[in-house]
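Worksheet for the structure shown next.
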Amino acid sequence: MKQGRENSSAAVPIMDAEAIRRALQRIAHEIIEGNPQLSKVVLAGIPSRGVEIAQRIAAFVHRIENIDIETGVIDVAMHRDDVGTRPELPVVRASKLPLPLEERTVIIVDDVLYTGRTARAAMDAINSFGRPARIQLAALVDRGHRELPIRPDYVGKNLPTSAAEKVRVRIGSAKEPDGVWVERT
Amino acid sequence: MKQRWNRKDLLGLRELSAEEITFILETADAFKEVGTREIKKVPALRGKTLVNFFVEPSTRTRTSFELAAVRLSADVINISASASSLAKGETLKDTARNLEALHADILVLRHSSAGAPQFLAQRLQASVINAGDGAHEHPTQALLDLYTIREKRGTIAGLHVAIIGDILFSRVARSNIFGLAKLGARVTLVGPSTLVPREFKKLGVEVSHKIDNVLPNADVVNLLRIQHERQRKEYFPGIGEYTRFFGLTKERAKLLKPDCLIMHPGPINRGVEIDSEVADGLQSVILDQVTNGLAVRMAVLYLCGGIAT
């Protein structure tokens with residue numbers, strides 16, 4: 001799990017709540033700029049933090065343009081390519097997308113972009129609901145190390161990491177402030 | 001995070017914790033959504049092989065498991081008793097070991113002997129899913145009943161569930177009793193004393209032989225099929241008499257609370273345990289049970305078959 005523990009000894013803070021706020025606001029501007037037909041855009045968050053991030057971006061779009069763009073949930077657990085090979089079985093959740101997807105632009109929203117396998121699974125999941133006009137990808141943090149030919153369209157922060165490090169994101173916790181940390185394991 | 005599921009087999013609800021049962025129901029929520037998609041198929045069990053091994057005849061349970069497996073992208077082989085080498089005298093264990101030698105990953109077993117799934121689960125690497133063993137357990141039927149109650153009423157704890165009919169021979173009743181009790185429901189068993197002996201009270205349920213006293217207080221009535229094929233005369237005076245004393249007739253249904261759910265595991269005997277008008281009425285969730293059975297079986301196959309072995 002990427003759940004944040006900022007006081008863990010080896011955790012280096014990368015983004016605080018304010019930096020996250022500004023990054024998501026900028027992503028909202030970029031989405032507005034790149035999508036003249038905002039009413040056709042769906043922000044599909046990957047549970048659980050991607051869903052929270054998608055809702056925040058939608059709130060910024062509303063504040064800037066006074067347009068409500070649709071949000072959804074795209075669960076990737078049942079589309080992963082490693083079921084049956086890991087000791088821990090991913091927990092599946094229901095997906096929820098506005099239908100039909102035809103003529104819409106679906107923007108996949110995740111907290112951390114890493115190997116790209118989650119994004120690939122999300123594209124497969126989206127395609128089982130229909131055939132959107134476009135699929136795009138937004139991530140709060142891009143930490144590199146792609147294993148598939150996938151690149152993001154919107155990035156909050158590019159964060160070069162080593163594979164031995166862990167990126168932890170906390171967002172939308174009722175008790176503690178938002179933040180991004182890198183942990184050496 | 002603590003793994004919420006660690007079992008390779010699903011043999012019964014008796015050995016499951018309330019938390020495990022709830023986790024299956026939550027997982028089924030996700031798989032129910034898959035049934036609403038344009039493409040109703042996910043790759044979760046791609047490359048796995050499931051064997052439907054039904055030593056007792058069954059159409060709906062076997063079909064439901066088959067469709068569940070196909071929607072998870074598993075390959076499915078169906079074997080019935082008459083077509084298998086059991087008919088040629090091979091033992092159950094040898095048949096199952098042969099299936100495993102073919103690298104079957106999941107074995108769904110229906111058998112007339114209680115304990116047959118346990119017997120195989122201990123001896124095979126493959127996951128064993130009990131699809132009904134004798135008069136013992138039928139866990140996926142009870143899980144889909146629990147799922148349907150939870151879906152329609154929001155919760156199970158605190159509800160009063162009446163299970164009506166042939167309890168003595170019913171694995172559906174037993175699995176339901178275990179599951180409902182663990183999730184905090186109050187259960188009353190209703191039927192003639194020959195089919196609902198008072199010994200059942202040891203399982204923590206109430207027993208009644210007067211259906212009209214129970215119906216007005218029930219939040220759910222689950223009507224079990226009268227199993228003609230298992231009935232012997234000494235238990236059971238006759239169909240007409242059963243209907244007169246225990247059938248959910250049009251008139252009796254008026255005793256029910258307006259929001260009481262009417263359930264039946266199927267296949268229904270119209271005019272015997274339930275009147276046609278009642279089975280097709282607004283309170284009936286009998287077809288929801290069928291739809292939910294698919295989601296619950298996908299969840300069970302995913303959880304038992306998806307862990308690395």
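The values are calculated or read from the model by the stated rules, or taken from the named source; none is laboratory data. As the structure is a computational prediction, the values presented were derived from the model and not from experiment. Glycine also receives a Cβ, built like all others from the backbone with ideal geometry; neighbour counts cover every protein chain displayed.
Quick one: which residue in A:I64, A:I74, A:I135, A:I150 is surrounded by 22 or more Cβ atoms within 10 Å (Cβ to Cβ) and either under 22 Å from A:I171 (Cα atoms) or aliphatic (A, V, I, L, M) (or both)?
Answer to the check: A:I74.
Which of the numbered conditions does A:Q55 fail, given that it passes all the others? Conditions: (1) away from chain B (no Cβ under 14 Å); (2) of a type outside the set (A, V, I, L, M); (3) buried (at least 18 other Cβ atoms within 10 Å of the Cβ); (4) outside any strand (DSSP E or B).
Answer for A:Q55: the failing condition is (3).
Would you kindly identify the strands (runs of 3 or more DSSP E) lying entirely within the stretch B:175-262 that contain at least 1 residues that are within 23 Å of the chain's Cα centre (by Cα) and more than 22 Å from B:P139 (Cα to Cα)?
B:206-208
Taking B:G305 as the residue in question, decide whether it is at pLDDT below 95 and crowded, with 24+ Cβ neighbours inside 10 Å.
Working: at pLDDT below 95: yes; crowded, with 24+ Cβ neighbours inside 10 Å: yes.
Against the criterion (at pLDDT below 95 and crowded, with 24+ Cβ neighbours inside 10 Å), B:G305 qualifies.
List the number of the failed condition for A:G72; all other conditions in (1) within 14 Å of another protein chain (Cβ to nearest Cβ); (2) part of a helix (DSSP H, G or I); (3) within 15 Å of the chain's Cα centre (by Cα) hold.
(2)
Filter the stretch B:18-39 for residues that are part of a loop (DSSP other than H, G, I, E, B) and within 8 Å of another protein chain (Cβ to nearest Cβ); which is farthest from A:M78 (Cα to Cα)? If you could, list the steps in order and put the result at the bottom.
Let us first name the residues in the stretch B:18-39 that are part of a loop (DSSP other than H, G, I, E, B), namely B:35-39.
Within this subset, residues satisfying the condition of being within 8 Å of another protein chain (Cβ to nearest Cβ) are B:37-39.
Values: B:R37: 14, B:E38: 16, B:I39: 14 Å.
Among them, the one singled out is B:E38.
Of the residues B:A279, B:A299, B:A253, B:A295, only one is surrounded by 17 or more Cβ atoms within 10 Å (Cβ to Cβ) and without any contact (Cβ under 8 Å) to a residue 24 or more places away in the chain; which?
So the residue among B:A279, B:A299, B:A253, B:A295 that is surrounded by 17 or more Cβ atoms within 10 Å (Cβ to Cβ) and without any contact (Cβ under 8 Å) to a residue 24 or more places away in the chain is B:A279.
Sort through B:A131, B:A142, B:A162 and tell me the only one that's closer than 21 Å to B:S17 by Cα, in contact (Cβ under 8 Å) with a residue 60 or more places away in the chain and outside any helix (DSSP H, G or I).
Details: B:A142 fails: outside any helix (DSSP H, G or I); B:A162 fails: closer than 21 Å to B:S17 by Cα.
After applying the criteria, what remains is B:A131.
Would you mind telling me which numbered condition in (1) outside any helix (DSSP H, G or I); (2) crowded, with 20+ Cβ neighbours inside 10 Å; (3) more than 12 Å from chain A (Cβ to nearest Cβ) B:F65 fails?
Of (1) outside any helix (DSSP H, G or I); (2) crowded, with 20+ Cβ neighbours inside 10 Å; (3) more than 12 Å from chain A (Cβ to nearest Cβ), only one is false for B:F65: (1).
Out of (1) surrounded by fewer than 19 Cβ atoms within 10 Å (Cβ to Cβ); (2) within 23 Å of A:R56 (Cα to Cα); (3) within 14 Å of chain B (Cβ to nearest Cβ), what's the single condition that is false for A:E176?
Condition (3) is where A:E176 drops out.
Report, by residue number, each residue of the stretch A:94-120 that is within 15 Å of B:P43 (Cα to Cα) and of a type in the set (D, E, K, R).
A:R117, A:R120
Could you tell me which of the residues B:E137, B:E206, B:E151 is at pLDDT 95 or above and crowded, with 23+ Cβ neighbours inside 10 Å?
B:E137
So, in the stretch B:153-206, of the ones that are out of contact with any helix residue (DSSP H, G or I) (no Cβ under 9 Å at 6 or more places or on another chain) and of a type in the set (K, R), which residue ends up nearest to B:R244 (Cα to Cα)?
B:R198
With respect to the numbered conditions (1) modelled with pLDDT of 95 or more; (2) touching a strand residue (DSSP E or B) at 6+ places or on another chain (Cβ under 8 Å); (3) not hydrophobic (A, V, I, L, M, F, W, C), which one is the sole condition not fulfilled by B:H111?
Only one criterion is unmet by B:H111, namely (1).
Mind telling me which of the residues A:G50, A:G156, A:G130 ends up being within 13 Å of chain B (Cβ to nearest Cβ) and either in contact (Cβ under 8 Å) with a residue 24 or more places away in the chain or assigned to a strand (DSSP E or B) (or both)?
A:G130
Looking at (1) more than 12 Å from every other protein chain (Cβ to nearest Cβ); (2) within 18 Å of A:L89 (Cα to Cα), which one does B:V55 not meet, given that it meets all the others?
(2)
In the stretch A:103-127, which residues are in contact with a Pro (Cβ under 7 Å, 6 or more places away or on another chain) and within 13 Å of chain B (Cβ to nearest Cβ)?
Of everything in the stretch A:103-127, just one residue is in contact with a Pro (Cβ under 7 Å, 6 or more places away or on another chain) and within 13 Å of chain B (Cβ to nearest Cβ), namely A:I126.
Tell me which residues, restricted to the stretch B:9-44, are surrounded by fewer than 17 Cβ atoms within 10 Å (Cβ to Cβ), touching a residue at least 60 places away in the same chain (Cβ under 8 Å) and more than 23 Å from A:G130 (Cα to Cα).
B:R14, B:S17, B:A18
Of the numbered conditions (1) closer than 20 Å to B:D145 by Cα; (2) small (G, A, S); (3) at pLDDT below 95, B:G240 fails exactly one; give the number of that condition.
That leaves (1) as the condition not met.
Taking the conditions exactly as written (over 27 Å from B:F23 (Cα atoms), in contact with a helix residue (DSSP H, G or I) (Cβ under 8 Å, 6 or more places away or on another chain) and either crowded, with 18+ Cβ neighbours inside 10 Å or within 14 Å of chain B (Cβ to nearest Cβ) (or both)), does A:L97 satisfy them or not?
Considered against the rule, which asks whether it is over 27 Å from B:F23 (Cα atoms), in contact with a helix residue (DSSP H, G or I) (Cβ under 8 Å, 6 or more places away or on another chain) and either crowded, with 18+ Cβ neighbours inside 10 Å or within 14 Å of chain B (Cβ to nearest Cβ) (or both), A:L97 comes out as no.
Based on this model, can you work out whether B:Q289 counts as over 30 Å from B:H103 (Cα atoms), touching a residue at least 12 places away in the same chain (Cβ under 8 Å), surrounded by fewer than 20 Cβ atoms within 10 Å (Cβ to Cβ) and under 21 Å from the mean Cα position of the chain (by Cα)? Can you show your working first?
Working: over 30 Å from B:H103 (Cα atoms): yes; touching a residue at least 12 places away in the same chain (Cβ under 8 Å): yes; surrounded by fewer than 20 Cβ atoms within 10 Å (Cβ to Cβ): no; under 21 Å from the mean Cα position of the chain (by Cα): yes.
Answer is no for this residue.
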